[in-house]
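Here the structure comes first, spelled out in C-alpha cells, and everything after it is commentary.
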Amino acid sequence: NWGIMASEARMAIAIFNNNNAQFNEAILDYKFFIEKSFKPFGKYLETCRLGNEQIGCNSTAGGDLPHSQMTLQALTAMAEMAKKQGVDLYGYKDPVDGHSLLTTLTYHAPFMGYNDDPAKSRLGASKEKWPCLTKLSGPCVAGQQCSNSDLIFAFWEMAYNHYQNPVLKSLVENRARP
C-alpha cells in the first residue's frame, strides 16, 4: 500500500505544481495498481506476498482489511483528484479482464460491515468468507467509540458519491462518520 500512497502524493504534488509530466506518471501508477494488484473479482493481492505470514496472510489468502483499505483510499483519492483535472480514473478498467476500482470496492465493502455478532453483521459478510488468516473486526459504527484507524476509511463516502452503488450506499449509511 505504500507504493500507491506515494503515487497519491505524487499526483497531489503534480497538480499543485501544474506539472503535467508528473501527473501523467501518477496516472500510469494508478492504472498499474488496478491491473496488477487485484484479482479480477476484486481481492487485493499486494499485502499477501509469499513470506508475509507474520501479518496473517499468505500468497493465496487475500489482503488483510486495514492494508486493503489504505490502498483503496489512495486509489479513490487519486481518482477524485484526476476527475477534477478532467481525467476519468473512476471508470478505468483493466484491459485484460475489465475489473476496476468499483470491482474491488464492492468486493471489500461487505467486510467493512462485518461484526463478530452475526446478528449485527451487515451486507452478508462473515468470518468464513474473509479470505485472510487475520482476525476480521468490524468498523466504527454509530454509537460506538471510534479508533484512529477507523477514521482513514472515510474515503468510502467519496467513492459512493461518485458511483452511487447500492453496496457502497449500504456501507456508508451504516458507518459512523468521522
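Laboratory data are not the source of any read-out in this text; all were calculated from the coordinates shown. What you see is a predicted model, and the numbers here were worked out from it, not measured in a lab.
Output the pairs from LYS36/LYS84; LYS43/LYS84; LYS43/LYS169; LYS39/LYS93 with a Cα-Cα distance over 22 Å in this structure; if there are none, say none. Intermediate results must be reported in sequence, preceding the final value.
On the way: LYS36/LYS84 25 Å; LYS43/LYS84 28 Å; LYS43/LYS169 20 Å; LYS39/LYS93 13 Å.
LYS36/LYS84; LYS43/LYS84, as the Cα separations exceed 22 Å there.
For ALA154 and LEU28, calculate 0.36 nm times their separation in residues minus their Cα-Cα distance, and state this gained length in nm to one decimal. Kindly include the intermediate steps, with their values, before the conclusion.
Details: separation 126, 0.36 × 126 = 45.36 nm, distance 2.49 nm.
Between ALA154 and LEU28, full extension yields 42.9 nm more.
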